Every structure is written in structure tokens, then in C-alpha cells.
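The values are calculated or read from the model by the stated rules, or taken from the named source; none is laboratory data. The model shown is predicted, which means the values in this text are computed figures rather than measured ones. Because the Cβ atoms are built from the backbone with ideal geometry, glycine has one as well, and the counts that use them run over all protein chains shown. The accessibility values were calculated without ligands, DNA or RNA, using every heavy atom of the protein model including side chains. Shrake-Rupley method; radii C 1.70, N 1.55, O 1.52, S 1.80 Å.
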Amino acid sequence: MPDFALIFAGFFVGLVVGLTGVGGGSLMTPILIFFFGVKPYLAVGTDLLFAAVTKAGGTVSLARQRLVPWRVVGLLSAGSLPAALITLSALRHLGPETEGVQAIMTHTLGIALLLTAAAMFYKAARGKVLPRTLNPDDLDSASRALHWSLPVLFGAVIGTLVTLTSVGAGAIGVSVLLLLFPLLPLPRIVAADIAYAVPLTLVAGLGHASLGSVDWPLLGTLLVGSLPGIWLGTRLMRHTPERVVRSLLSLLLAYAGTKLISL
């Protein structure tokens, strides 16, 4: 497959991540498996580092726009990073390339995609319209959950899921953050979701790299497209027709999830 196809795939996924906070593992891992024939364990490991670099670029853009609620990012990371390390330890013990572990990865990935699709579709179809801006004086109260432990526990669940499948920090993350922080405007929710995924996917991706689960030339080619894609997406975020984009993505992810489960 020519490199330009991989570059375009990276650009497309980066653009979607920047627009919605969704699409890193949810889109890239199935694309690598179905369209480019990459083995599941290599697709997951490569996509994790792809997501780390891509979302780091998006975080820089969002931070410059002063949209990132850093307190939320810190609480989520407090749960997700230890969970990622524990999951990596289990994968190291079992061996990521073994047939049984690849089957677990594939089916868990399929289930995660279906959950992501359901969360996205519900948000698009039934979710309330959130404010797009927030008074700076209200940011402190809006970035506090009902209890500090809730985002930490949620981070731990997502950390495990992301490390195993590279999926979970997108639509599932955004949907739960909307429940935990209902006063935060959507752009800040998306910014938090993108920013906390950076340390998580970096730790998980480097752990997979130590297991030999990363295709480095493939990663470099994807990043050539994704970095300009996510930069453009974060710039267009305030103007995107959110419900249309999320509805289309939910159908795509449901299809991919169903195919993975049936493998």
C-alpha cells in the first residue's frame, strides 16, 4: 500500500480527533487491521504512540487557546497511569503476540468500539446542547466533580481499556466526563479528554514498544498526516456540526466493532 494512503489515514484520524476528541484508537486501530493488514497487537501498540504524539500536538493547540482544565486532567491521570502499568505487566507476563492474547485484544477491541459507538450515538441523538463558553470566574467550580475519587476511578478503568485495546479515551471518555463535569462547556470537555490521553497513551505505548509491539516506520508515516490533521481539527472545533459528525462516526465504529467480534 503506498505511503500516501497511510498519510491520508493519519490526517483523517487526526482531523476527527481534533474536531470531537474521538477517533484515535477507535478509528486508527480498525483501519490498520482491516485496510492495511496489520496484526492486532502491532496495531494496538503502534496506535498508542500514534495517539500520544497526535494528541500532544492537539494539546499544545488547545492549551494556547486556554481550553484545557488541568485539574480534571490531573485527576484522570492519577487513576489511568497506574492502571496502564498494571495492564502492561500482565501483557508482559502473558506475551502480546500469543494467539490467546491476540484473540482477547481483538474481541475486547470490538466490544470497546460498540460501547464507543453507543456512547457517541446517545450523545448525538439525546444529549443536551452544552454551552460553548464559560465565564472564567466559574471555571473552578465547573472543574470539580461530585467527589474527587470519581474521575480517578474512571481514569483507572479507561487506563486498563486503552492499554489493552488503544480504545476508550475518546467517546466513552467524553460521555463520562459530561456526567462528571456537567457545567464544563464541550470544548473544555474535549480538551480535557485529549490532554489526559497524552500521558496515558505515551506510557502504554512505550510499554508496548518494550514488548516489541510497535511498527516504527508505520508510526512515522501516520504521524506525517496526523499532526497537521489534529492542528486543523482543533482550530475548527468551535464551528463543527457536532451531532452530524458524531452520528456518522458512531455508525462507522459500530460496523468495525461488529466485524472485530466476528473474527
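Summary table
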quantity: Condition check for residue 200: at pLDDT below 70 and either open to solvent by 20 Å² or more (accessible area, probe 1.4 Å) or assigned to a helix (DSSP H, G or I) (or both); calculated: no
quantity: Subset of the stretch 33-73 (residues that are small (Gly, Ala, Ser) and free of Cβ contacts under 8 Å to residues at least 12 places away in the same chain); calculated: 37
quantity: Flag for residue 183 being without any contact (Cβ under 8 Å) to a residue 40 or more places away in the chain and farther than 11 Å from residue 52 by Cβ; calculated: no
quantity: Residue list for the stretch 96-118, filter: in contact (Cβ under 8 Å) with a residue 60 or more places away in the chain and either open to solvent by less than 20 Å² (accessible area, probe 1.4 Å) or among the polar types (S, T, N, Q) (or both); calculated: 96, 101, 102, 105, 106, 109, 110, 112, 113, 116, 117
quantity: Any hit, the stretch 217-234, residues being over 12 Å from the mean Cα position of the chain (by Cα), open to solvent by less than 10 Å² (accessible area, probe 1.4 Å) and modelled with pLDDT under 80; calculated: yes
quantity: Residue check, residue 182 outside any helix (DSSP H, G or I) and over 12 Å from residue 17 (Cβ atoms); calculated: yes
quantity: Top-ranked residue of the stretch 235-263 - restricted to ones that are open to solvent by 10 Å² or more (accessible area, probe 1.4 Å) and in contact with a His (Cβ under 9 Å, 6 or more places away or on another chain), ranked as modelled with the highest pLDDT; calculated: 261
